[in-house]
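Below you will find the structure I want to go over with you.
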Amino acid sequence: FVFLPSYRLICTQTCTQLCSDFASCCVNACVCLSVKFIPDFFLPVPEQSQAIVIYTGWERHALVGSDIRLSCSFFSWRWTSEDVTFSWTYRPDGSRDSISIFHYTGGVPYVDNKGPFRDRLEFVGNPGRRDGSILLKNLEFTDNGTFTCDAKNPPDIVGRPSSVRLLVFEKVPIQAGVITGAIIGVVLGLLVLIVVIYYLMRFLVARRVFSLSVSKHGKKKKEGSQQRQGPVPPADPSKIKV
Amino acid sequence: MLMLAGIVVLHITTIILLLVATIDNAWWITDSISTDLWGKWVLTKSEWHYTNLINYPDEYLQTVQATSVLACIFATLALFVFVAQLFTLPKGQRFTFTGILQLIACLCIMIAASIYTAEFHTSESEGGYGHSYVLAWISFVLTFLLAITYLVLRKKSE
């Protein structure tokens, strides 16, 4: 038994992405966007709940010829041991056999030097930070398949490996509705902008015209009062009654 | 007065036609399929099932969706602006803002229908255009006529 101030992590939202940080993870290959810590009482934590939990992504999409980073990290109640191990296995789509492509143990990473990923695999993780990510370079169509990460943190070795599915495309498919939303948003935005600018210009022009007309009106009043004392229109002689 | 009521009724009819064209999945129909814009209805054993659209040129489909939605939005906006301008416009002036909005709606639905005609179902042997497609073109004509009307009409000055 281990006496710990045991906190329970509960997910307050649905999970979407890889988690790599102890404080923001919850179960089963996802990351919580917000997390609540509920302090329990000081309870003895039974050994069963001390399983190691491994996180990878759920699915990864990539273009042919590009590189992709497959991330793997784990959550364990114990401190990160020096004997921590990471191992990646690969199962091609449609096949039932999986082969081991990467193993990290005793502080040394061992990459695939015979299999389908020879010279294309690189270890980019940081075991001290519980990160066992690998980088696959120059993807091919034959790389479609499931990659499984298994991490062990002695003495915490009981856990379930987590899998990420890799999909290699020739052209990245557009997500449903992205272009639709973009077009509608841009056009409506432009409309609002044009209306705002139009009314702003009218307001500014009206203000200028108003200030101009005030000064002109002042001048005209002076001239008008002078003109009234000017020449009287001559009377029509045929209309003068004698 | 009568003309005003007629124009408003025509405008509302145009909006309804645009909405039906956009929302109803019937741009292309065959004996057992009624498809397009948002999904596909397939008739199997006298039951209609709704499926997603697959193997469609994505960019064009989303553009048609966006422009037909925009046409509905602009037509509705034009109606509201028309009613507002009825009260705020100085006498003797034209309903230009309404006319412009209606013209943009006309342009949008024309773009939608044109792209659809050019890019979709170009090499299919059976089937034909459904009622949504026909309504889209009819609303193009109606929005055009209404736009011209708004741009020419003057507010009564008495």
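Go through region A:147-185 and give me each residue that's among the acidic types (Asp, Glu) and farther than 22 Å from A:Gly94 by Cα.
The one that is among the acidic types (Asp, Glu) and farther than 22 Å from A:Gly94 by Cα: A:Asp156.
Separate question: Just for region A:80-124: of the residues that are closer than 18 Å to A:Asp156 by Cβ and out of contact with any helix residue (DSSP H, G or I) (no Cβ under 8 Å at 6 or more places or on another chain), which one is surrounded by the most Cβ atoms within 10 Å (Cβ to Cβ)?
Step by step, filter region A:80-124, then rank; the result is A:Ser87.
To keep it simple, each residue is scored yes or no on (1) touching a residue at least 24 places away in the same chain (Cβ under 8 Å); (2) closer than 15 Å to A:Val164 by Cα.
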position: A:Arg60; (1), (2): yes, yes
position: A:Leu63; (1), (2): yes, no
position: A:Phe75; (1), (2): yes, no
position: A:Arg91; (1), (2): yes, yes
position: A:Arg96; (1), (2): no, no
position: A:Thr105; (1), (2): no, no
position: A:Val108; (1), (2): no, no
position: A:Ser133; (1), (2): yes, yes
position: A:Cys149; (1), (2): yes, yes
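Of all residues being under 11 Å from B:Ser68 (Cα atoms) and of a type in the set (Val, Ile, Thr) in region B:104-114, which is farthest from the chain's Cα centre (by Cα)? Just the residue, please.
Checked region B:104-114; the qualifying residue farthest from the chain's Cα centre (by Cα) is B:Ile111.
Testing B:Gly92 on (1) more than 17 Å from B:Asp24 (Cα to Cα); (2) touching a residue at least 40 places away in the same chain (Cβ under 8 Å); (3) within 13 Å of chain A (Cβ to nearest Cβ), one condition comes back false. Which one is that?
(3)
From (1) surrounded by 12 or more Cβ atoms within 10 Å (Cβ to Cβ); (2) within 14 Å of another protein chain (Cβ to nearest Cβ), pick out the condition that doesn't hold for A:Arg165.
Every listed condition holds for A:Arg165 apart from (2).
Could I ask something else about it? Considering only residues that are touching a Lys or Arg at 6+ places or on another chain (Cβ under 9 Å) and not in a strand (DSSP E or B), look in region B:17-66 and name the one that is farthest from the other protein chains (Cβ to nearest Cβ).
Selected residue: B:Asn25.
What do you reckon, is A:Thr142 among the polar types (S, T, N, Q), open to solvent by 30 Å² or more (accessible area, probe 1.4 Å) and part of a strand (DSSP E or B)?
No, not satisfied.
Let me ask you something else. Could you list, in sequence order, the residues of region B:67-79 that are more than 11 Å from chain A (Cβ to nearest Cβ) and among the polar types (S, T, N, Q)?
Once the filter is applied, which keeps residues that are more than 11 Å from chain A (Cβ to nearest Cβ) and among the polar types (S, T, N, Q), region B:67-79 yields only B:Thr76.
The values are calculated or read from the model by the stated rules, or taken from the named source; none is laboratory data. Predicted, not measured: the structure shown is a model, and the values here were computed from it. With ideal geometry, Cβ positions are generated from the backbone for all residues, glycine too; neighbour counts draw on all protein chains shown. These accessible areas exclude ligands, DNA and RNA; they are computed on the full protein's heavy atoms, side chains included. Shrake-Rupley method; radii C 1.70, N 1.55, O 1.52, S 1.80 Å.
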